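*Asks:* Pasting a structure here, questions to come.
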Amino acid sequence: MGYTRLELAGVKFQNITKVFGKDVRAVDDLNLTVNDGEFMVLVGPSGCGKTTALRMIAGLEEATNGDLFIGENRVNDVPPKDRDIAMVFQNYALYPHMTVYDNIAFGLRLRELKGTLWQLSHMAEAGQKKKEIDGRVQEVARMLAIDHLLQRRPKELSGGQRQRVALGRAIARKPRVFLMDEPLSNLDAKLRIQTRAELIRLHRDLGITTIYVTHDQIEAMTMGQRIAVMNNGLLQQCDEPEVVYNKPANRFVAGFIGAPPMNFLEGTVLNGKVDVGAFKVALPQGSPARGQVGLKVAVGIRPEDLYDTKSNCPVPVTEENSFDAKVDVLEKLGAEDTVYMVAEGLNITASIDPASRIHAGEAAKFAIDLDKVHVFDSESGAAIR
């Protein structure tokens, strides 16, 4: 039995605001469209409004202002049970006294069988419904490779298996929209990576609109077809992961997306360079900031765009792109080394080739790939490009 795709539905936030109490704006004038069949990730730090936005789609929170659409329908006043969505929570929310089979089937039975009296008065139809429910549970269990666990209870399952059961319960509903609220945060690192891949595959196979909330920028980058970065209730940027990474809209996005995080060096524009105190960083050719003499800016340099000049440095080393520093801490991670260094009082992080001969406590020279330097207005935080 193949999984039948039902009518898909996009989700649209139109000037949505959610205020708690008198003045706590959890979500502030959010305008965001999630396309039919898209995997959208809402990402940001704790308290940024991403979960509140998700809960408003589910109907668990009511918008203070604005309009929320699922498909063509405005759903502000539609009860949660009538929105045709399925939600996967961080804590799985499985019934401990029920088997895996019954946990997956529970929601279907509530929707389809309509109580004992209805079943007694519609025995033939009820019997057919039960066969359909059984077929759907078995189908989903095979899809998630938990068909051998159907008679176990949650306490007899591992964390990853419980997560699959929670997903199975949502998938069996065949909803128009999946909502996922940090569903992998309780898994260990290895299982989290494995389950990420499984969720991507499931979305590809099912094609159901999925909105996924996480604070983990690696999850966001690897899973989302588009990612929406939020902070303090405001949408900062929404685009494809590589665009958000390579062309961050502002300093917050630049610092939040990327691990290790981007280095920021505060300085003043002077003759095509930024004087950051310890040294001067040449601005990329064509940068609008080059002509704004006296402008206070923050130069953003990703750790992977810094190189040890004595070890396979791919950029020409000049006075305009290099500086001396003392290596404070060296983390050897196998595929790369993370260097925490100090240059004339400035703390800078670099991700370098593990073949480098650098050691903690030593002095070294580093070069910057100037073509990949970012510049942000110090006052507004907006990218200058």
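Readers should treat all values here as calculations from the given coordinates under stated rules, not as data from a laboratory. Keep in mind that this is a model prediction, so the values were computed, not measured. No Cβ is skipped: glycine too gets one built from the backbone with ideal geometry, and neighbour counts run over all protein chains shown.
*Asks:* Magnitude of the Cβ-charge dipole of segment 227-385, K/R +1 and D/E -1, about the Cα centre, nearest 20 debye? Intermediate results must be reported in sequence, preceding the final value.
*Replies:* Numbers: 14 positive and 22 negative charges, 58 e Å.
I would put it at about 280 debye.
*Asks:* Determine the relative contact order of the chain: mean sequence separation of Cα pairs under 8 Å and six or more apart, normalised by residue count, in whole percent. Please report the intermediate quantities before stating the final value.
*Replies:* Details: 771 pairs, mean separation 61.8, N = 385.
This gives 16 percent for the chain.
*Asks:* What is the magnitude of the charge dipole of segment 128-237 about its Cα centre, with +1 placed on the Cβ of each Lys and Arg, -1 on the Cβ of each Asp and Glu, and no other charges, expressed in debye to the nearest 20?
*Replies:* Details: 20 positive and 12 negative charges, 101 e Å.
Computed about the Cα centre, the dipole is about 480 debye.
*Asks:* Hey, got a sec? Which trypsin sites (Lys or Arg not before Pro) in segment 318-373 land in a DSSP loop and have at most 12 other Cβ atoms within 10 Å? Write down the numbers at each step before the final one.
*Replies:* Values: sites: Lys326, Lys332, Arg357, Lys365, Lys372; in loops: Arg357.
Passing both the DSSP loop test and the Cβ count: Arg357.
*Asks:* Further, regarding this structure: Give me the extension gain from Ala259 to Thr17: residue separation times 0.36 nm, minus the current Cα-Cα distance, reported in nm with one decimal.
*Replies:* Values: separation 242, 0.36 × 242 = 87.12 nm, distance 3.11 nm.
This chain segment gains 84.0 nm when fully extended.
*Asks:* Where does the chain land on Rg(C-alpha)/(2.2 N^0.38 Å)? Write out the running numbers ahead of the final one.
*Replies:* Numbers: Rg = 25.7 Å, N = 385, 2.2 N^0.38 = 21.1 Å.
Against the empirical 2.2 N^0.38 Å value, I get 1.22 for the chain.
*Asks:* Fewest to most neighbouring Cβ within 10 Å: what's the order for Thr64, Thr318?
*Replies:* On the way: Thr64 14, Thr318 11.
Exposure proxy ranking, most exposed first: Thr318, Thr64.
*Asks:* Work out how much length Lys296 to Asp77 would gain on full extension: take 0.36 nm times their residue separation and subtract the Cα-Cα distance, in nm to one decimal.
*Replies:* Working: separation 219, 0.36 × 219 = 78.84 nm, distance 4.80 nm.
Extending this stretch completely gives an extra 74.0 nm.
*Asks:* For segment 261-377, what does the relative contact order come out to in percent, with C-alpha contacts under 8 Å and a separation of six or more?
*Replies:* Numbers: 261 pairs, mean separation 35.8, N = 117.
Answer for segment 261-377 is 31 percent.
*Asks:* Please report the net charge: other residues with Cβ closer than 12 Å to the Cβ of Val297, K and R +1, D and E -1.
*Replies:* Working: positive: Arg251, Lys273, Arg290, Lys296, Arg385; negative: Glu266, Asp275, Asp377, Glu379.
Combined, the nearby Lys, Arg, Asp and Glu give +1.
*Asks:* If I fit a long axis through the Cα atoms of helix 189-206 and take the longest principal axis of the Cα atoms of the chain, what angle between them do I get, 0 to 90°, rounded to 10?
*Replies:* Relative to the chain, helix 189-206 is tipped by roughly 60 degrees.
*Asks:* Something else about it: What list do you get for Ile171, Ile227 if you sort them by fewest beta carbons within 10 Å? Present the calculation step by step, with values, prior to reporting the outcome.
*Replies:* On the way: Ile171 24, Ile227 28.
Lowest to highest Cβ neighbour count: Ile171, Ile227.
*Asks:* I would also like to ask the following. So for the pair Arg142, Lys247, with labels modelled 7 Å out along Cα→Cβ, what separation do we get in nm?
*Replies:* Simple spin-label model gives 4.6 nm for this pair.
*Asks:* Here are some pairs, Lys12/Lys50; Lys310/Lys332; Lys129/Lys155; which of them have Cα atoms lying more than 20 Å apart in this structure? Could you put the intermediate results ahead of the total?
*Replies:* Numbers: Lys12/Lys50 14 Å; Lys310/Lys332 18 Å; Lys129/Lys155 29 Å.
Beyond 20 Å: Lys129/Lys155.
*Asks:* Toward the positive end of the charge dipole of segment 45-157, about the Cα centre and with charges on Cβ (Lys, Arg +1; Asp, Glu -1), which of Gln119, Gly59, Leu150 goes farthest?
*Replies:* So the residue we want is Leu150.
*Asks:* So which lysines can Lys273 reach, going by Cα to Cα under 18 Å and dropping same-chain residues fewer than 8 places off?
*Replies:* Partners within reach: Lys296, Lys372.
*Asks:* Amide H to amide H, which residues 5 or more places from Gln237 or on other chains are under 5 Å from it, using H placed in the peptide plane?
*Replies:* Val229
*Asks:* For each of Ile104, Ile133, count neighbouring Cβ atoms within 10 Å of the residue's Cβ, then give the residues from fewest to most. List each step's numbers first, then the result.
*Replies:* Working: Ile104 30, Ile133 20.
In increasing order of surrounding Cβ atoms, one gets Ile133, Ile104.
*Asks:* Let me ask something else about it. DSSP loop GluC sites (Glu not before Pro) in segment 265-332 with at most 16 other Cβ atoms within 10 Å of their Cβ, which ones? Walk me through the intermediate numbers first.
*Replies:* Numbers: sites: Glu266, Glu304, Glu319, Glu320, Glu331; in loops: Glu319, Glu320.
Answer by residue number: Glu319, Glu320.
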